[in-house]
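For reference, the structure is listed below as structure tokens.
The values are calculated or read from the model by the stated rules, or taken from the named source; none is laboratory data. The shown structure was predicted, so the numbers you read here are calculated from the model rather than taken from an experiment. Positions of Cβ are generated from backbone atoms using ideal geometry, with glycine treated the same way; all protein chains shown enter the neighbour counts. For accessibility, only protein heavy atoms count, side chains too; no ligands or nucleic acids. Shrake-Rupley method; radii C 1.70, N 1.55, O 1.52, S 1.80 Å.
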Amino acid sequence: MEIQAVLFDMDGLIFDTEGLYKASWQLAASEQGLLLDDDFYKTFIGVQDAECERRVVAKFGDKLDIERFKRVRNSDFHARRAQGVAYKSGFDLLFADLKKKGLKCALVTSSALAEVKHHFNGSDYLAQFDAVITSEDVVNGKPHPDCYRMASEQLDIAPAACLVLEDSNNGMRAGLDAGCKAVMIPDLLQPSEDVAERAHAVLGNLGDVTRLLMS
């Protein structure tokens, strides 16, 4: 089936934010004398904050003051974010090309709407998406397929005609289980074996998506 819509993840795909998030989560743990290592953090990518916080509590137990952890993490992240959040290479050209071709576009993110608005502040990109799905819109976040099914329904386009763009394995699983085609553009994570087997493609950057759609 011909692609009629492209469904974008946000963090690590459109914006170069995953490194900022990781630094803030790790700092908040170290502030309490705890080590949140890179391998453990990788399990958070593409997952809603509430679930990540549950995993942190399960790992550290009584050693962790979760409310203090969240305050320190949020304060540090906001300070880092205030210095500016960069778009990932190729997003501007890809988005313009999709609009020129008349394809529908949706934003499907595990972040809250306030974060979405902050990241897109100063541009008109957000208003150009035909649907926006955030963590507040679904009970079960990625890797559950609910968010991508909702985007498909709001666009009134069959999942099989939707192309999901993701940087995380959890996001890829969500898109694939929703019945969409899915392309991974790795950021901090390389595709896991199950994702690599099911992915429509694994690409180096967003610029490669245009070439894929033309092929």
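What the table shows:
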| read-out | value |
| --- | --- |
| Lone unmet requirement of (1) assigned to a loop (DSSP other than H, G, I, E, B); (2) modelled with pLDDT under 95; (3) under 21 Å from the mean Cα position of the chain (by Cα) for Tyr21 | (1) |
| Selection from region 89-127 of residues that are surrounded by fewer than 17 Cβ atoms within 10 Å (Cβ to Cβ), in contact with a helix residue (DSSP H, G or I) (Cβ under 8 Å, 6 or more places away or on another chain) and of a type in the set (Gly, Ala, Ser) | Ser89, Ala112 |
| Qualifying residue in region 48-55 (condition: among the small types (Gly, Ala, Ser) and within 16 Å of Thr134 (Cβ to Cβ)) | yes |
| Single residue of region 55-76 satisfying the filter (open to solvent by 50 Å² or more (accessible area, probe 1.4 Å) and among the small types (Gly, Ala, Ser)) that is farthest from Ser24 (Cα to Cα) | Ala58 |
| Flag for Gly141 being of a type outside the set (Phe, Trp, Tyr), outside any helix (DSSP H, G or I) and touching a Ser or Thr at 6+ places or on another chain (Cβ under 6 Å) | yes |
| Subset of region 197-215 [surrounded by fewer than 19 Cβ atoms within 10 Å (Cβ to Cβ) and touching a residue at least 12 places away in the same chain (Cβ under 8 Å)] | Arg198, His200, Ala201, Val202, Leu203, Gly204, Asn205, Gly207, Asp208, Thr210, Leu212, Leu213 |
| Where a residue in region 115-132 is closer than 13 Å to Phe91 by Cβ and in a loop (DSSP other than H, G, I, E, B) and its partner, wherever it lies, is modelled with pLDDT of 95 or more and open to solvent by less than 40 Å² (accessible area, probe 1.4 Å), with Cβ under 9 Å and at least six apart | Phe129/Phe8; Phe129/Cys105; Phe129/Ala106; Phe129/Leu107 |
| Residue tally, condition out of contact with any helix residue (DSSP H, G or I) (no Cβ under 6 Å at 6 or more places or on another chain) and either in a helix (DSSP H, G or I) or more than 13 Å from Lys88 (Cα to Cα) (or both), over region 202-212 | 6 |
| Residue in region 164-182 that is of a type in the set (Val, Ile, Thr), within 20 Å of Gly90 (Cα to Cα) and buried (at least 17 other Cβ atoms within 10 Å of the Cβ) present | yes |
| Whichever residue in region 132-142 is surrounded by fewer than 20 Cβ atoms within 10 Å (Cβ to Cβ) and of a type outside the set (Val, Ile, Thr) and, among such residues, is nearest to Ala178 (Cα to Cα) | Asn140 |
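Residue by residue, here is whether (1) free of Cβ contacts under 8 Å to residues at least 60 places away in the same chain; (2) surrounded by 19 or more Cβ atoms within 10 Å (Cβ to Cβ) holds:
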residue: Gln4; (1), (2): no, no
residue: Met10; (1), (2): no, yes
residue: Trp25; (1), (2): yes, yes
residue: Leu36; (1), (2): yes, yes
residue: Gln48; (1), (2): no, yes
residue: His78; (1), (2): yes, no
